[in-house]
Amino acid sequence: MKIHEYQGKEILRRFGVPVPTGVAILEGGDVREEAGKAWDGLGKAVAVVKAQIHAGGRGKGGGVKLARSREECQDLAFQIMGMQLVTHQTGPQGQKVRRLWIEEGCGIDHEYYAGIVLDRQSSRVTFMVSTEGGMEIEKVAAEAPEKIIKEAVDPRVGFQAFQARRLAFGLGLKGDQHKAAVKTFLALAKAYEATDASLFEINPLVSTTDGGMLALDAKVNFDDNALFRHKDFAELRDLAEEDPNEIEASKFELNYIKLDGTVGCMVNGAGLAMGTMDIIKHVGGEPANFLDVGGGANAVTVEAGFNIILSDPNVKAVLINIFGGIVRCDRVAGGVIEAVKKVGLKVPVVVRLAGTNHEEAAEMLRTSGIDLIVAHNLQDAAEKVVAAARGN
């Protein structure tokens, strides 16, 4: 689950990470009036007006502006609120700005990067820092990987003080800034572990002219599987920032991610879903989505999956690829037939069932009276659905 920058900063503040003071403004009120009050409350010569969306690159897209007067702060807040902010992460359609964060300016000495993430190659939580703050870390990794300093965290003992010092030395920090960085890194690691986060990214983390450190940004993602331990995080979720189909899928405990292709995919199991998308590409097609209906595929979940897939106008054909292990194939076939009768066949549908009672299931599909395309194996299914998507 993703949250907004200002929400992430409040969590970091609780754990002792230094963050600027700011005020959040939500759509629906008098933006100019609230921005004016925010300026007055901060009492600084400079304020930063920041769009709050779940995407990076806001500054380049015009969503982060400096204000040097009360009037300028009001004007910028009015301009940014409600704008369709386009960044490299939103895609060309952009994302509507419904929240603002107005925070105090600070004296910046240097910008750094700090991030904590699970490194799946080493199976360790990894703390990363770089002197190239303010840049996309992916670009730094591609062009200058030597500028990224990493410390793997041993789960038996956690992030240690000597590792925090090593990161600070790696950034070339000395004196008060070195001490402030060590304290900040230890607080970040504590916050990451305590909140069951999947990603912390501070870009930029800045050293200030008064010898301190300050988190000027906060990208915080939580591990969905651990949210049951953090009931208070539920109120931080902003549904307006999420894909409506992904929200609908979550109601039926389906895992859905929209992609850019023309072949809709309905599969049980994440690994099988990924393999299905791979073979679709292998035979020349492009998957339109990732949709995992789980082990208990039935008429209800299949119907919900159909509705979600077909809501994408780019979908020209659908592939249902189910392995009958936990649930028998004949039961899945019955669910598919019932769901298709309710939803209707708007595009060609290819069905490949394998596992327990797959022969009975194939016969049920053939004699259903519905114009379903039955595939014999995965290769056959992929070729048939890609041909159908092309109108062949």
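The values are calculated or read from the model by the stated rules, or taken from the named source; none is laboratory data. From a predicted model like this one, the values you see are computed outputs, not experimental measurements. Counting neighbours? That spans all protein chains shown, and the Cβs are built from the backbone with ideal geometry, glycine included.
Couple of notes before you dig in:
- Unique match (being surrounded by fewer than 19 Cβ atoms within 10 Å (Cβ to Cβ), in a strand (DSSP E or B) and either among the hydrophobic types (A, V, I, L, M, F, W, C) or out of contact with any helix residue (DSSP H, G or I) (no Cβ under 8 Å at 6 or more places or on another chain) (or both)) among Leu214, Leu199, Leu205, Leu227: Leu199
- Checking each residue in the stretch 114-166 for being β-branched (Val, Ile, Thr) and surrounded by 14 or more Cβ atoms within 10 Å (Cβ to Cβ) picks out Ile116, Val117, Val125, Thr126, Val129, Thr131, Ile137, Val140, Ile148, Ile149, Val153.
- Test: residue in the stretch 64-77 that is outside the structural domain of Lys174 (by TED's automatic domain parsing), in contact with a strand residue (DSSP E or B) (Cβ under 8 Å, 6 or more places away or on another chain), free of Cβ contacts under 8 Å to residues at least 60 places away in the same chain and closer than 22 Å to Asn221 by Cβ: yes
- Counted residues, the stretch 299-319 - those being within 26 Å of the chain's Cα centre (by Cα) and either hydrophobic (A, V, I, L, M, F, W, C) or not in a helix (DSSP H, G or I) (or both): 13
- Options Asp371, Asp292: the member that is of a type outside the set (Lys, Arg) and either touching an Asp or Glu at 6+ places or on another chain (Cβ under 7 Å) or within 21 Å of Met277 (Cβ to Cβ) (or both): Asp292
- In summary, Ile309 fulfils each of the numbered conditions (1) among the β-branched types (Val, Ile, Thr); (2) buried (at least 18 other Cβ atoms within 10 Å of the Cβ); (3) in contact with a Lys or Arg (Cβ under 8 Å, 6 or more places away or on another chain) with the single exception of condition (3).
- Complete set of residues in the stretch 343-392 that are basic (Lys, Arg) and either modelled with pLDDT of 85 or more or in contact with a strand residue (DSSP E or B) (Cβ under 8 Å, 6 or more places away or on another chain) (or both): Arg352, Arg366, Lys384, Arg390
- Each residue in the stretch 344-363 was checked for being touching a helix residue (DSSP H, G or I) at 6+ places or on another chain (Cβ under 8 Å), free of Cβ contacts under 8 Å to residues at least 40 places away in the same chain and assigned to a loop (DSSP other than H, G, I, E, B), and 3 of them qualify.
- Within the stretch 336-346, the residues that satisfy the criterion of being in contact with an Asp or Glu (Cβ under 7 Å, 6 or more places away or on another chain) and either crowded, with 17+ Cβ neighbours inside 10 Å or polar (S, T, N, Q) (or both) are Ala339, Val343.
- Members of the stretch 53-95 that are touching a helix residue (DSSP H, G or I) at 6+ places or on another chain (Cβ under 6 Å), over 16 Å from Leu42 (Cβ atoms) and outside any loop (DSSP other than H, G, I, E, B): Phe78
- Top-ranked residue in the stretch 115-141 [being over 27 Å from Asp223 (Cβ atoms) and of a type outside the set (Asp, Glu); ranked as modelled with the lowest pLDDT]: Gly134
- Of all residues in the stretch 364-387 being among the acidic types (Asp, Glu) and assigned to a helix (DSSP H, G or I), the one that is farthest from Ala288 (Cα to Cα): Asp380
- Exclusive hit being within 35 Å of the chain's Cα centre (by Cα), more than 22 Å from Gly269 (Cα to Cα) and surrounded by 17 or more Cβ atoms within 10 Å (Cβ to Cβ), set Ala382, Ala354, Ala333, Ala388: Ala388
- Residue within the stretch 175-182 that is over 21 Å from the mean Cα position of the chain (by Cα), of a type in the set (Asp, Glu) and either part of a helix (DSSP H, G or I) or outside the structural domain of Glu10 (by TED's automatic domain parsing) (or both) present: yes
- Looking across Gly264, Gly269, Gly324, one residue alone is surrounded by 15 or more Cβ atoms within 10 Å (Cβ to Cβ), in contact with a Ser or Thr (Cβ under 9 Å, 6 or more places away or on another chain) and in the same structural domain as Ser368 (by TED's automatic domain parsing). It is Gly324.
- In the stretch 45-54 there is no residue matching the filter, namely being more than 21 Å from Lys9 (Cα to Cα), surrounded by fewer than 20 Cβ atoms within 10 Å (Cβ to Cβ) and β-branched (Val, Ile, Thr).
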